[in-house]
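Before any comments, here is the structure.
The values are calculated or read from the model by the stated rules, or taken from the named source; none is laboratory data. Keep in mind that what you see is a predicted model, and the values were worked out from it rather than measured. Cβ: placed from backbone, ideal geometry, glycine included. Neighbour counts: every protein chain shown.
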Amino acid sequence: MNKAYKYLIYPTKEQQTLLARTFGCCRYVYNQALNWRVAAYRADGTSISYVDTAKAVTQMKNNPDTAWLKEVDSVALQQALRSLDAAFKNFWNNKNTGFPKYKSKHRSRRSYTVPVTNNNVMVFDRAVKLPKLGYVKAKIHRVAPSDWKLKSATVSQDSDERYYVSILYEYEKAVRTIEADPDKTLGLDYKSDGLYVDSNGDCADMPHYYRKAQKQLARAQRILSRRKGSKKGEPKSRNWEKQRLRVNRIYAHVKNQRNDFLQKRSTGIANQYDLVAVEDLSLKGMSHRGKKRGFRLGKAINDNGYGMFVNMLAYKLCNRGKRLVKVDRFYPSSQLCQCGYKNPVTRNLSVRTITCPICGRTYDRDINAAINLKKEGYRLYKSA
Ligand SMILES: [Zn+2]
């Protein structure tokens, strides 16, 4: 399966010059090759192949009059020839695409494509690495799952003069759906001061280095709030700007650490289990739970990324032919004892350990909730 993510990019002046040249050279080469193909066909009805056109372009690069073609990415030029070749093949195969047309300087889309080989294209948090251009600042509004493979990058300039890069990814679509085994079913109970507690009694806590960076961030934010310019309407001081940059950097670091951790955890679970059951927490429900545990930090840091984690789990399971089941948040997962008794005491979040008045068993509130989610998730899966 293929999917493309399109990002806004902010090339520097020099990069813009190179981009304009690349768009122009690709269009030029495309139109030249079209000329040759038409001429050959008219002359003796022969067809010119992609390889023939690529060889001719190499010769043009050695010709002093057209040596400027050497300045741009040769792979982009080859790709322009390939797309012309594909246009001809579609035409010959009667795909209703019509005879290939010339690209006009003004009416055609300014773009070029490069296939991905040996990390020539890479996506970072705030930049994209592209051949010949190097690092280009980019707005990465969404991140592709780590197991997706980069196939190609199309750089374009839209009519609004803004630049974009569209990254094409390839990913495995699960070949078959896996029939879930109850023993390979996992229940996860949300934990606001960690991440989750699972039905095996294991706790996923954020790693210590993450907590350390979080503390650093809180400290840096406190300092920022004392700098001149932090109050509304106050002009921003130089020290405020410097501190804000520091806060932003730590924040990005915290975000990356959290993302890495969530990626690793979700991959581990998706590999090991067939079915995962979670409580369907609305955002409202989550902030409510957070408040009860007494958070002091800003919203951005106190978010442990559980929502993101559940999304990661969902697509990773799906890619493996497995499933994530969301249990209705009104299902009393924390109240039900394994004997079936519904204990109203457990509504109080401060009660951690519960002794059932019916069967006499003593259990941990969260682990019990995770076990109930597992059972209910499996039941929903079976009845679906
Ligand atoms: Zn009981």
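Check whether at least one residue in the range 311-326 is free of Cβ contacts under 8 Å to residues at least 40 places away in the same chain, closer than 23 Å to residue 264 by Cα and either within 16 Å of the ligand (Cβ to nearest atom) or in a helix (DSSP H, G or I) (or both), and report yes or no. Full working, then the answer.
Applying the first criterion (free of Cβ contacts under 8 Å to residues at least 40 places away in the same chain) to the range 311-326 yields 311, 314.
Now drop any that are not closer than 23 Å to residue 264 by Cα, which leaves 311, 314.
Filter once more, keeping what is either within 16 Å of the ligand (Cβ to nearest atom) or in a helix (DSSP H, G or I) (or both): 311, 314.
Checked against the condition, which is being free of Cβ contacts under 8 Å to residues at least 40 places away in the same chain, closer than 23 Å to residue 264 by Cα and either within 16 Å of the ligand (Cβ to nearest atom) or in a helix (DSSP H, G or I) (or both), the range 311-326 yields at least one hit.
Right, residue 281: under 23 Å from the mean Cα position of the chain (by Cα), modelled with pLDDT under 90 and surrounded by 12 or more Cβ atoms within 10 Å (Cβ to Cβ) or not?
Values: under 23 Å from the mean Cα position of the chain (by Cα): yes; modelled with pLDDT under 90: yes; surrounded by 12 or more Cβ atoms within 10 Å (Cβ to Cβ): yes.
Yes, satisfied.
On the basis of being of a type in the set (S, T, N, Q) and under 30 Å from residue 73 (Cα atoms), does residue 230 make the cut? First the steps, then the outcome.
Details: of a type in the set (S, T, N, Q): yes; under 30 Å from residue 73 (Cα atoms): no.
So residue 230 fails the test.
Answer yes or no as to whether residue 89 is of a type outside the set (S, T, N, Q) and either at pLDDT 95 or above or surrounded by fewer than 16 Cβ atoms within 10 Å (Cβ to Cβ) (or both).
Taking the combined requirement at face value, the residue satisfies it.
State whether the residues of the range 140-155 include one that is of a type in the set (Asp, Glu), under 29 Å from residue 381 (Cβ atoms) and in the same structural domain as residue 73 (by TED's automatic domain parsing). Reasoning before the result, please.
The first filter runs over the range 140-155 and keeps only residues of a type in the set (Asp, Glu), leaving 147.
Those still in the list that are under 29 Å from residue 381 (Cβ atoms) too: 147.
Checking which are in the same structural domain as residue 73 (by TED's automatic domain parsing) leaves us with 147.
Yes, the range 140-155 contains a residue that is of a type in the set (Asp, Glu), under 29 Å from residue 381 (Cβ atoms) and in the same structural domain as residue 73 (by TED's automatic domain parsing).
Which one of these is without any contact (Cβ under 8 Å) to a residue 40 or more places away in the chain and under 16 Å from residue 84 (Cβ atoms): 39, 43, 33, 67? Step through it out loud before you land on a result.
Working: 43 fails: under 16 Å from residue 84 (Cβ atoms); 33 fails: without any contact (Cβ under 8 Å) to a residue 40 or more places away in the chain; 67 fails: under 16 Å from residue 84 (Cβ atoms).
The unique qualifying residue is 39.
Yes/no per residue for (1) part of a helix (DSSP H, G or I); (2) among the polar types (S, T, N, Q):
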site: 166; (1), (2): no, yes
site: 173; (1), (2): no, no
site: 179; (1), (2): no, no
site: 183; (1), (2): yes, no
site: 186; (1), (2): no, no
site: 201; (1), (2): no, no
site: 220; (1), (2): yes, no
site: 224; (1), (2): yes, no
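Among the listed residues 83, 108, which satisfies the condition of being surrounded by 12 or more Cβ atoms within 10 Å (Cβ to Cβ), at pLDDT below 90 and under 30 Å from residue 127 (Cα atoms)?
108
Considering every residue within the range 361-384, establish whether at least one is away from the ligand (no atom under 16 Å from the Cβ), surrounded by fewer than 16 Cβ atoms within 10 Å (Cβ to Cβ) and part of a loop (DSSP other than H, G, I, E, B).
Applying the first criterion (away from the ligand (no atom under 16 Å from the Cβ)) to the range 361-384 yields 366, 370, 373-374, 376-384.
After this cut, where a residue has to be surrounded by fewer than 16 Cβ atoms within 10 Å (Cβ to Cβ) as well, the list is 379, 382-384.
Then keep just the ones that are part of a loop (DSSP other than H, G, I, E, B); that gives 384.
Yes, that holds for at least one residue.
Filter the range 333-360 down to the residues that are among the hydroxyl-bearing types (Ser, Thr, Tyr), more than 14 Å from the ligand (Cβ to nearest atom) and free of Cβ contacts under 8 Å to residues at least 12 places away in the same chain and list them by number. Quick ask: steps written out before the conclusion?
The first filter runs over the range 333-360 and keeps only residues among the hydroxyl-bearing types (Ser, Thr, Tyr), leaving 333-334, 341, 346, 350, 353, 355.
After this cut, where a residue has to be more than 14 Å from the ligand (Cβ to nearest atom) as well, the list is 333, 350.
Hit for the range 333-360 is 350, nothing else.
I'm checking my understanding of the structure. Among residues of the range 160-189 that are at pLDDT below 90 and farther than 30 Å from residue 106 by Cβ, which one is nearest to the chain's Cα centre (by Cα)? Quick ask: steps written out before the conclusion?
Let us first name the residues in the range 160-189 that are at pLDDT below 90, namely 160-162, 171-178.
Restricting the remaining residues to those that are farther than 30 Å from residue 106 by Cβ gives 171-178.
Details: 171: 13, 172: 16, 173: 17, 174: 19, 175: 22, 176: 24, 177: 24, 178: 25 Å.
Here the answer is 171.
Is it true that some residue in the range 200-210 is modelled with pLDDT of 95 or more and under 30 Å from residue 352 (Cα atoms)? It would help to see each step written out before you state the result.
The first filter runs over the range 200-210 and keeps only residues modelled with pLDDT of 95 or more, leaving 200.
Checking the rest, the ones that are also under 30 Å from residue 352 (Cα atoms) come to 200.
Within the range 200-210 (the criterion being modelled with pLDDT of 95 or more and under 30 Å from residue 352 (Cα atoms)), the answer is yes, since at least one residue qualifies.
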